[in-house]
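Novice: Before I ask anything, here is the structure I am working with.
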């Protein structure tokens, strides 16, 4: 039996700070909902829009896998392990905070907004050496397919995360495009609609919506289809 719970975009917690507009799928900062403290090892999905030239000043993290996924604009990253980069649509950036890292994130543009997802995953080991990775995955590589972009497996062309989570990205450009993911018995999926509309197991979801799917008693199939078009992330985890 497969069960699915939908978290609608409008039910998320919301913060506005003038320079920042943020929607929180799970409890974050001053926003607390005991029913949505995360999902398995997935702790945070923040849907952030930052005004031109504004951003998050230098701050510290420990023992968290932090992924940035830019939807529009350009996000500038700097940290105290020597990394400086600009993250653009199609890029997946991961920072393993580990034993401690300090970084800043700013809108790289002086005129345009930056819209991105900030994702936190609880690692399976504390105190690892901090690290940074960034890989570009063109739309052509993700269109009409589920592209594995991050995993706990160390492979060329794949972001490495310190947790048993497989993260897939897909761009469904029409209602004719359909992808399936086989969820092993006892594992769970979280699907986040990044933009547009996508059918998830026959239910139409829109940008900002999320769905928790459990393979309760045996393997399960997660089906995503353009409704008519959209972009989605799928997390597969124990």
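The values are calculated or read from the model by the stated rules, or taken from the named source; none is laboratory data. All figures in this text were calculated on a predicted structure; none of them were measured in a lab. Please note: Cβ atoms are built from the backbone with ideal geometry, for glycine as well, and neighbour counts cover all protein chains shown.
Novice: Out of 205, 224, 167, which single residue is under 24 Å from residue 11 (Cβ atoms), touching a helix residue (DSSP H, G or I) at 6+ places or on another chain (Cβ under 9 Å) and not in a loop (DSSP other than H, G, I, E, B)?
Specialist: Criteria check complete, one pass: 205.
Novice: Pull out all pairs, ordered by first then second residue, where Cβ-Cβ is under 9 Å, the residues are six or more apart or on different chains, the first lies in the stretch 67-96 and is on the phi > 0 side of the Ramachandran plot and in contact (Cβ under 8 Å) with a residue 24 or more places away in the chain, and the second is surrounded by fewer than 17 Cβ atoms within 10 Å (Cβ to Cβ) and in a strand (DSSP E or B).
Specialist: Between residues of the stretch 67-96 that are on the phi > 0 side of the Ramachandran plot and in contact (Cβ under 8 Å) with a residue 24 or more places away in the chain and residues that are surrounded by fewer than 17 Cβ atoms within 10 Å (Cβ to Cβ) and in a strand (DSSP E or B), the close pairs are 90/136.
Novice: In the stretch 102-123, is there at least one residue being closer than 23 Å to residue 168 by Cβ, modelled with pLDDT of 95 or more and outside any strand (DSSP E or B)?
Specialist: yes
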